[in-house]
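The structure that follows is given in the form of structure tokens.
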Amino acid sequence: DLGYGFHRLNGKELEEQPHLFDLLQIWEKPRRGHRYILGVDVSDGLGKDRSVVEVVRMGTIDEPEEEVAQFVSDTIIPKHLAYVVNALGHLYTWPDGREAMAAIECNNHGLATQDMLQLHLGYRHFYVWEVFDQADPQKRFTTKLGWSTTPRTRPILLTQLRDAIMSVDPLTGVSDLRVNSSFTIDEMRDFQTEGALWEAEAARGAFDDCLIALGIAHIVAYRLMAGEREPLE
């Protein structure tokens, strides 16, 4: 059993929860034949920042990409977050039986989460870092795992995320990336800039961890689809 203590809350238990931290919110259960990406932003667990695991279902020609589950915590430490990622990865599996692809931001604490997943939990399916400006397509992929947010990649991440959220299908009225979490929507309200989009950040006292985790999941899904809105098939 890879649930690691997760269990469904009944109505009474849910009413007694003071907040939604450390709870797994699910808007759509795993569906056969779909591919899922885990975008992971890791904090130190000291309450000053938030660790977030976003589960995104990749879009198809029939339906848009969607945020289907989310875990948010301001107390869990990086190594323990690995167990949450492992459980979600084995819940939202790919059609070929592999776990969901884990795209972990490894700038800081995320490296500890990824290390625990790979070396101690036997997780197999990670995002492999791409060099976006590599002239030779055969050399785009490195030997490093995880996502790295840098001054060069942050503009790409934020631009792609904004474009996906703001682009609305004229027939269905649904955006290319459907957002369901109140955490994520609240962060959008407090994500501000007085200049370029890539300079945007959370307002004083606010957070942007859900947005970054969602952005990572989205850009990885976008890259897997070769930058196309719809699968070539």
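The values are calculated or read from the model by the stated rules, or taken from the named source; none is laboratory data. Owing to the predicted nature of the structure, the values given are computational and were not obtained by experimental measurement. All Cβ positions, glycine included, derive from the backbone under ideal geometry; neighbour counts span all protein chains shown. Quick note on the areas: whole protein, heavy atoms, side chains included, nothing else; ligands and nucleic acids left out. Shrake-Rupley method; radii C 1.70, N 1.55, O 1.52, S 1.80 Å.
Can you work out the FRET efficiency for the pair Val128 and Asp96, with r the C-beta to C-beta distance and R0 = 22 Å, to the nearest 0.05?
On the way: r = 17 Å, r/R0 = 0.75.
Working from the Cβ atoms, E equals 0.85.
Using a basic spin-label model with each label point 7 Å from the Cα along Cα→Cβ, how many nm lie between Lys144 and Leu224?
Reported label-point gap for Lys144 and Leu224 is 2.2 nm.
Among Leu117, Ala87, Phe71, whose Cα lies farthest out toward the positive end of the dipole of the chain, if unit charges sit on the beta carbon of Lys, Arg (+1) and Asp, Glu (-1)?
It is Leu117.
Right, another one. Using a 1.4 Å probe over the heavy atoms of the protein chains, calculate the carbon and sulfur portion of the accessible area of region 42-143 as a whole percent.
The computed percentage sits at 51.
Same structure, new question: Could you check which residue among Asp41, Asp133, Asp209 shows the biggest mean-square fluctuation in a GNM of the chain with a 10 Å Cα cutoff?
Asp133
Sorted from largest to smallest, which semi-axis lengths in Å does the alpha carbon gyration tensor of region 1-138 give for its equivalent ellipsoid, taking the root of 5 times each eigenvalue? Kindly include the intermediate steps, with their values, before the conclusion.
On the way: eigenvalues 128, 81, 41 Å².
Semi-axis lengths for region 1-138 are 25, 20, 14 Å.
Placing unit charges on C-beta atoms (Lys and Arg positive, Asp and Glu negative, everything else neutral), compute the dipole magnitude of the chain about its Cα centre in debye, rounded to 20.
Working: 23 positive and 37 negative charges, 126 e Å.
Charge dipole of the chain: 600 debye, to the nearest 20.
Over the chain, one equal point on each Cα, no solvent: what is log10 I(q)/I(0) by the Debye formula at q = 0.18 Å⁻¹?
-1.55
May I pose another question? Any lysines with Cα under 27 Å of the Lys29 Cα? List them, leaving off those in the same chain fewer than 8 positions away.
Lys12, Lys79
Now a separate question. Once the piece of chain linking Arg152 and Asn107 is laid out straight, how much longer is it, given 0.36 nm per residue of separation minus the C-alpha distance between them? Don't skip to the answer; put the middle values down first.
Numbers: separation 45, 0.36 × 45 = 16.20 nm, distance 1.34 nm.
Going from the current span to full extension adds 14.9 nm.
On to the next question. If you count only protein heavy atoms with a 1.4 Å probe, what accessible area per residue comes out for the chain, rounded to a whole Å²?
Spelled out: the 1.4 Å probe surface of the chain, per residue, equals 54 Å².
Okay, helix-only estimate at 222 nm for the chain: each DSSP H run of n ≥ 4 adds -39500 (n - 2.57), divide by all residues, round to 500 deg cm²/dmol; what do you get?
Result for the chain: -8000 deg cm²/dmol, rounded to the nearest 500.
Show me the ranking of peptides 212-220, 175-183 by mean Cβ neighbours inside 10 Å, starting with the highest.
With the highest mean Cβ count within 10 Å placed first, the list reads 212-220, 175-183.
First check a/c for region 121-198, with a ≥ b ≥ c the square roots of the eigenvalues of its C-alpha gyration tensor; if it is under 1.5, answer rounded, and if not, answer prolate when a/b is larger than b/c or oblate otherwise.
prolate
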